[in-house]
Amino acid sequence: MGTDHRAVWVIAEQIDCHLQSVSLQLTGQARNLADQLGTSVEAVLLGDHINQQAHRLIAAGADRVYLGKAPELEIYQPELYSEIVINLAREHQPEIILIGSTDMGRELAPLVAGKLKTGLTAHCIDLVLDQDMILEQRIPAYGGLLSIVCPEKRPQMATVAKGVFPTPEPDDSRAGETLMIDIPTNLPGRIKTLEIIRQAPQGVPLETASTIVAGGAGAGDRDGWDNISELAATLNAALGSTRPAVDEGWTELETMIGQSGKMVSPEVYIGVGLSGEQQHMVGIVGARIMIAINQDAKSPVFEQVDIGIVDDCREFVPLLIRKIKAYQEKKVTC
Ligand SMILES: Cc1cc2nc3c(=O)[nH]c(=O)nc-3n(C[C@H](O)[C@H](O)[C@H](O)COP(=O)(O)OP(=O)(O)OC[C@H]3O[C@@H](n4cnc5c(N)ncnc54)[C@H](O)[C@@H]3O)c2cc1C
C-alpha cells in the first residue's frame, strides 16, 4: 500500500498554555517517520493564548501547525476537541496520527479513532515503518515486543507515553506555517469540563527520583502495602506500583510504572512482591541498579535484576525498615 504522501500528525497538548513534553517527543518521532515516508509533519494544537507553542512544535520538527484558538478550548473538552480533530482529519486525510498517553490522549484517541472507523494501538513503546512503509506499532507482550499494524484503514493511530522517545533539541531556524482553524459554533455540547483540579503530588515524584520502591500484588493487602510505602518513605524514595496494586485500590494510578504508566530512570529501583511482567519492566529500562524482593525463587523478575532477595515481603520489609532506621539513627548520633 502506498502512502500517497499524506502527513504524519501529532495531536499536541497544552495544559495552562504549556506544551506537554510528550507532544514535542512525538513531533520528533513524527519527523523521523515523515522523512522516511517522504511526507510532512503536521501538529494540531487546541487551546487559548497558545501562539508561542506553535513555534515550539515547528522547532521540534513540525512543518505545519493547525492552531485552534478560542476561550472555550482553554481546557480540554472531550466532545469539542474530538469533533475538531475528526473534522480536520476528514479534510486532510493524514497517514498517521500520534497522541500522547496522557489523561487527555487516553480519552481523545479512541473518540477520534472510533469516529474515523480506524484502528488504534494504545501505549506503544516503539514506532517504526515496515518494508511496505506501514507503521509497526510496538507494544510489550508475550515476553517480547508485539508489532501491530493497521494495513487497510487510515489514519494509522497510536498513543505513546511521555519518555518513550527523546525530546528533540529545538531548531529555531526551522521554517513552518501556522494555520488557524475555524472553530465551528454548532458543535455538540453534552459534556463540558468546567475546571481541572490537579492534586498536588504526594512524596517524591517518580519522574525525578533517584531511588524508587515499587510494590506489586505480592503486598497481599493494605497492611502489606503500607509496609512498602513506609520503606519508600524511610529511604526518601518515590513510591511506584504495578497495575494490580492500583486495581486493589492500595495506591493511585499516578504511581503505576510501565507501558500504560510512567517511564522512569532512577539510580536504584527496588521491586517488592512483583513478578517482573514486561508491561511493568518496560517502564524501568533506564534504571541503573535493580533489586527485587520476591518469595518465589523461580519468579521471572530475578532474571531481570542485579540483586535478588528471596523472602516473604510481609516479613522482610518491616525488618528492613527497622534496620535502615537503626542505621540512620546511628549515623545521626555519631
Ligand atoms: C495492555 C496492558 C498494559 C499493561 N500496562 C501495565 C503497566 O503499565 N504497569 C504494570 O505494572 N502492569 C501493566 N499491565 C499488567 C501486567 O501485565 C501485569 O499483570 C502486572 O504488571 C503484574 O503485576 P504484579 O507483578 O504486581 O503481579 P503478579 O504478576 O501477580 O506478581 C505478584 C508477585 O508477587 C510475588 N509474591 C506474592 N506474595 C509475596 C510475598 N508475600 N512476598 C514476596 N513476594 C510475593 C509472587 O511470587 C509474584 O511473583 C498491563 C497489561 C496489559 C495487558
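The numbers here are math on the coordinates, done by the rules we state, and not lab data. Note that the structure is predicted; figures quoted are calculated from it, not measured. Counting neighbours? That spans all protein chains shown, and the Cβs are built from the backbone with ideal geometry, glycine included.
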Checklist outcome for this item: Among K153/K262; K115/K192; K117/K262, the pairs whose Cα-Cα distance exceeds 26 Å are K153/K262; K117/K262
Checklist entry - Tell me, M157, M290 in order of fewest to most beta-carbon neighbours within 10 Å? => result M290, M157
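So what is the 222 nm mean residue ellipticity for the chain from helices alone, if each DSSP H run of at least 4 adds -39500 (n - 2.57) and you divide by all residues, rounding to the nearest 500 deg cm²/dmol? It would help to have the intermediate numbers written out before the result.
Numbers: 8 runs with 99 residues, N = 334.
Computed mean residue ellipticity for the chain: -9500 deg cm²/dmol.
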Item to check | Directionally averaged shadow of the chain, computed from the convex hull of its alpha-carbon atoms, nm² | outcome: 19.7 nm²
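Taking the beta-carbon count within 10 Å as an exposure proxy, list I289, I212, I284 from fewest neighbours to most.
Details: I289 13, I212 28, I284 22.
Ranked by crowding around the Cβ, least crowded first: I289, I284, I212.
Within the chain, what percent of beta bridges assigned by DSSP are antiparallel, to the nearest 5?
Details: 11 of 57 bridges.
Restricted to the chain, the bridges split so that about 20 percent are antiparallel.
Give me S82, S40, S241 ranked fewest to most by other Cβ atoms within 10 Å of their Cβ, as a rough exposure proxy. Don't jump to the answer; show the numbers that get you there.
Working: S82 22, S40 19, S241 33.
Starting with the residue having the fewest Cβ neighbours, the order is S40, S82, S241.
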Checklist entry - If you find the alpha carbon centre of segment 277-334 and of segment 161-229, how far apart are they in angstrom? => result 27 Å
Item to check | Top of G189, G119, G215 by mean-square fluctuation, Gaussian network on the chain, Cα under 10 Å | outcome: G189
Checklist entry - What order do you get for 145-156, 8-19 when each peptide is scored by the mean count of other beta carbon atoms within 10 Å, highest first? => result 8-19, 145-156
Checklist entry - What residue among I84, I196, I99 has the largest mean-square fluctuation in a Gaussian network model of the chain, using Cα springs under 10 Å? => result I196
